[in-house]
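What follows is a set of notes on a single structure, which appears directly below.
Computed from the coordinates by the stated procedures, all read-outs in this text should not be read as laboratory data. The shown structure was predicted, so the numbers you read here are calculated from the model rather than taken from an experiment. Cβ placement follows ideal geometry from the backbone for every residue including glycine, while neighbour counts extend to all protein chains displayed.
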Amino acid sequence: MHELDPQKLPRHVAIIMDGNGRWARARMRNRVFGHDEGARSVRDVVRTCRELEISYLTLYAFSKENWQRPEAEVKALWNLLKRFLRSELPELVEKEVRLLHLGDTEDIPHDVRREFQAAVDQTAGLDKLVLSLAVNYGGRQEIARAAALFAKDVAAGLHKPEDLSPELFSRYLFTKELPDPDLVIRTGGEYRVSNFLLWQLAYAELYITETLWPDFRRDQFLEALYDFQKRERRFGRTSDQVQDTKSCRAL
Ligand code: FPP
């Protein structure tokens, strides 16, 4: 295993957890078996973030598009989320992890919504890691919702249309309290963003691995972080400019 530089860890990691179904199929089990095993990877990655003192972790747990899956699978996913929230809450509190929900609450089954809200409330004052679960979430829907909220504020006289800047717009998103992700990991080998954090990913580094989510544990996560540390983040500048800034900082 490579040595990680603690100074160069991402502040915010976001993950598209894909491949549960394929993982289960390879074992001739049903898809839900893969999701159950995927929940163990969630636990592992959360623990690793705490250990490394990564401040923000965002996980894509249920997209707007996931409603189109077979009803039994959708039901099983809600059930799993509820069980996960219940079983993990003591450890989240103990490790000072704050839980946030990104997405629309309406449509989420009432019992899950209640469990989710209780966990969000109970962890509200904690700040060692912010764990955001994107549930009933879609990036385009989030942007449309933010535009509508801004329009309402304009109608109410709180803003003028010309006030709108990227910074102001960001305050209308579900992620208003989060910095943009530095690193986005996608497991399962597909090269797409699947309506995840479309606005927030503008300058994120992408890491795509063939590893299926249930197999993505501490070691695979460390490998992704190591890969991130090799990247040169230029934010539109040239490589020379980035190198100059670095050497100035070092002086
Ligand atoms: C994608 O794999 C995965 C999902 C749609 C669900 C993600 C849910 C979990 C990892 C379960 C646990 C999460 C929490 C927060 C408790 P897929 O089913 O599309 O896999 P496939 O591409 O191989 O079919």
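Here is a list: Y60, Y137. Which entry is buried (at least 18 other Cβ atoms within 10 Å of the Cβ), touching a residue at least 40 places away in the same chain (Cβ under 8 Å) and more than 29 Å from D5 (Cβ to Cβ)?
Details: Y60 fails: more than 29 Å from D5 (Cβ to Cβ).
Being buried (at least 18 other Cβ atoms within 10 Å of the Cβ), touching a residue at least 40 places away in the same chain (Cβ under 8 Å) and more than 29 Å from D5 (Cβ to Cβ) holds for just one of Y60, Y137, which is Y137.
Remark: pairs (first residue in region 142-160, free of Cβ contacts under 8 Å to residues at least 60 places away in the same chain; second residue assigned to a helix (DSSP H, G or I); Cβ separation under 6 Å; 6+ apart in sequence or on different chains) = V154/P161; H159/D153.
Against the list (1) more than 20 Å from D121 (Cβ to Cβ); (2) in contact with a strand residue (DSSP E or B) (Cβ under 9 Å, 6 or more places away or on another chain); (3) in contact (Cβ under 8 Å) with a residue 24 or more places away in the chain, the condition L92 fails is (1). Residues in region 54-82 that are farther than 30 Å from F228 by Cβ, away from the ligand (no atom under 11 Å from the Cβ) and basic (K, R): 1 in all.
Criterion first (near the ligand (Cβ under 8 Å from one of its atoms) and touching a Leu at 6+ places or on another chain (Cβ under 7 Å)) does V46 satisfy it? Give the derivation first.
On the way: near the ligand (Cβ under 8 Å from one of its atoms): no; touching a Leu at 6+ places or on another chain (Cβ under 7 Å): yes.
For V46, the condition - near the ligand (Cβ under 8 Å from one of its atoms) and touching a Leu at 6+ places or on another chain (Cβ under 7 Å) - is not met.
Residue under question is F33, and the condition is that it be over 22 Å from G139 (Cα atoms), within 8 Å of the ligand (Cβ to nearest atom) and hydrophobic (A, V, I, L, M, F, W, C); does it hold? Steps first, please.
Values: over 22 Å from G139 (Cα atoms): yes; within 8 Å of the ligand (Cβ to nearest atom): no; hydrophobic (A, V, I, L, M, F, W, C): yes.
Criteria not met by F33.
For L173, state whether it is within 14 Å of the ligand (Cβ to nearest atom), surrounded by 15 or more Cβ atoms within 10 Å (Cβ to Cβ) and over 13 Å from the mean Cα position of the chain (by Cα). No.
Total residues in region 205-233 satisfying the condition of being farther than 29 Å from A24 by Cβ and either in contact with a Gly (Cβ under 9 Å, 6 or more places away or on another chain) or assigned to a loop (DSSP other than H, G, I, E, B) (or both): the figure is 4.
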